[in-house]
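Here is the structure we will look at, set down as structure tokens.
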Amino acid sequence: MVTGTNVNWALVLDGDAVTLVDAGYPNDAKKLFASLEAIDRRPEDVQAVVLTHAHLDHMGGIPALRARHDLPVLTGEEEARHARREYLEQITPAQMLGECRNSAGRRWVRQTLGAVLPHLSMALSEVTAVEPAMALDIPGRLVAVATPGHTSGHTAWLMPSTGIVFTGDALVSAHPISRIGSGAQLIPSVFNEDEDVMVESLRGLAGLPADTVVPGHGPELRGEIAGIVEEAIGSKSRR
């Protein structure tokens, strides 16, 4: 797991080959390349990117990777439409301005703009939709798990061989504008499309064969997955 500008991505290794789980903000691209170099890999070793969802802080580094070599981007069918920008689900400028009412929000907005500008809009022209519950022929043999709510097509990724689930923003462990500190939680409401659907999606994660959660924001979580999920769901009443 690697942390860029308040967001995580992950590198899954199989020999020399790599699967990238998400890709950070557009201006995190140098950090993304540095994270590959730190494990003695090159951008050309990345065999695929699996995308949890098509927000700029998760897909922003993909164009820089594709400029080095062609590689597939894989996600669920609905999120593939979002990544192609057939529609857009993302925090609006007005909502970002609303977060400037306190110092934590102002700091987050400042950091976010620095990580995004001038790439305020982005679409991926080639995105491959994959079916859930099928192990993909990529490093890590990852399995897509539909987790709508944060976005309509949000997709988590399970690596059965290691008991790791990459939850993107369906379940996080911290966020700069979170008011409840660290621990399993829902990402702040301003980012979510439908929190009722989000909670139902999380209940579906509780039965996965996993004991490690790598979230899109915050440190990894270890322990019984059902307990981690219940803690995250319970956070909704503490916000």
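Any chance segment 36-57 includes a residue that's touching a Phe, Trp or Tyr at 6+ places or on another chain (Cβ under 7 Å), surrounded by 19 or more Cβ atoms within 10 Å (Cβ to Cβ) and part of a loop (DSSP other than H, G, I, E, B)?
yes
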* To do: Please verify whether segment 197-204 includes one or more residues that are touching a Leu at 6+ places or on another chain (Cβ under 9 Å), of a type outside the set (Gly, Ala, Ser) and either closer than 23 Å to LEU20 by Cβ or touching a residue at least 60 places away in the same chain (Cβ under 8 Å) (or both).
  => no
* Members of segment 98-108 found to be under 15 Å from SER189 (Cα atoms) and either open to solvent by 70 Å² or more (accessible area, probe 1.4 Å) or more than 23 Å from the chain's Cα centre (by Cα) (or both), listed by number -> GLY98
* Asked: Restricting attention to segment 18-31, does a residue exist that is out of contact with any helix residue (DSSP H, G or I) (no Cβ under 9 Å at 6 or more places or on another chain) and hydroxyl-bearing (Ser, Thr, Tyr)?
  -> yes
* Asked: Pick from segment 156-202 the residues that are within 17 Å of THR75 (Cα to Cα) and in a loop (DSSP other than H, G, I, E, B): which of them is farthest from the chain's Cα centre (by Cα)?
  -> ALA170
* How many of the residues making up segment 1-35 are surrounded by fewer than 18 Cβ atoms within 10 Å (Cβ to Cβ), in a strand (DSSP E or B) and either in contact (Cβ under 8 Å) with a residue 12 or more places away in the chain or in contact with a strand residue (DSSP E or B) (Cβ under 6 Å, 6 or more places away or on another chain) (or both)? -> 3
* Structure fact -> Of the residues in segment 36-68, those that are without any contact (Cβ under 8 Å) to a residue 40 or more places away in the chain and in contact with a strand residue (DSSP E or B) (Cβ under 8 Å, 6 or more places away or on another chain) number 6
* Those residues that are touching a Pro at 6+ places or on another chain (Cβ under 6 Å) and open to solvent by less than 30 Å² (accessible area, probe 1.4 Å), I need them from segment 58-76; list them, please. => GLY60, LEU65
* Structure fact -> Restricting segment 189-206 to residues that are surrounded by 15 or more Cβ atoms within 10 Å (Cβ to Cβ) and of a type in the set (S, T, N, Q), the one nearest to HIS55 (Cα to Cα) turns out to be ASN192
* Asked: In the set LEU124, LEU88, which member is part of a loop (DSSP other than H, G, I, E, B), among the aliphatic types (A, V, I, L, M) and surrounded by 13 or more Cβ atoms within 10 Å (Cβ to Cβ)?
  -> LEU124
* To do: With the condition kept exactly as written, say whether any residue in segment 146-156 is within 28 Å of ARG84 (Cα to Cα), of a type in the set (Val, Ile, Thr) and open to solvent by 30 Å² or more (accessible area, probe 1.4 Å).
  => no
* Asked: If the Cβ limit is 8 Å and pairs must be 6+ apart or interchain, which residue in segment 131-142 that is within 11 Å of LEU20 (Cα to Cα) and assigned to a loop (DSSP other than H, G, I, E, B) pairs with which residue that is charged (D, E, K, R) and modelled with pLDDT of 95 or more?
  -> PRO139/ASP14; GLY140/ASP14
* Structure fact -> Checked segment 207-239 for anything out of contact with any Gly (no Cβ under 7 Å at 6 or more places or on another chain), crowded, with 16+ Cβ neighbours inside 10 Å and either over 11 Å from ALA184 (Cα atoms) or of a type in the set (A, V, I, L, M) (or both); matches are LEU208, VAL213, VAL214, LEU221, ILE225, ILE228, VAL229, ALA232, ILE233
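The values are calculated or read from the model by the stated rules, or taken from the named source; none is laboratory data. For clarity, every value in this text was computed on a predicted model and none was experimentally measured. When we count neighbours, we look across all protein chains shown, and the Cβ atoms used for this are built from the backbone with ideal geometry, even at glycine. Keep in mind that these areas ignore ligands, DNA and RNA; they rest on the heavy atoms of the full protein, side chains included. Shrake-Rupley method; radii C 1.70, N 1.55, O 1.52, S 1.80 Å.
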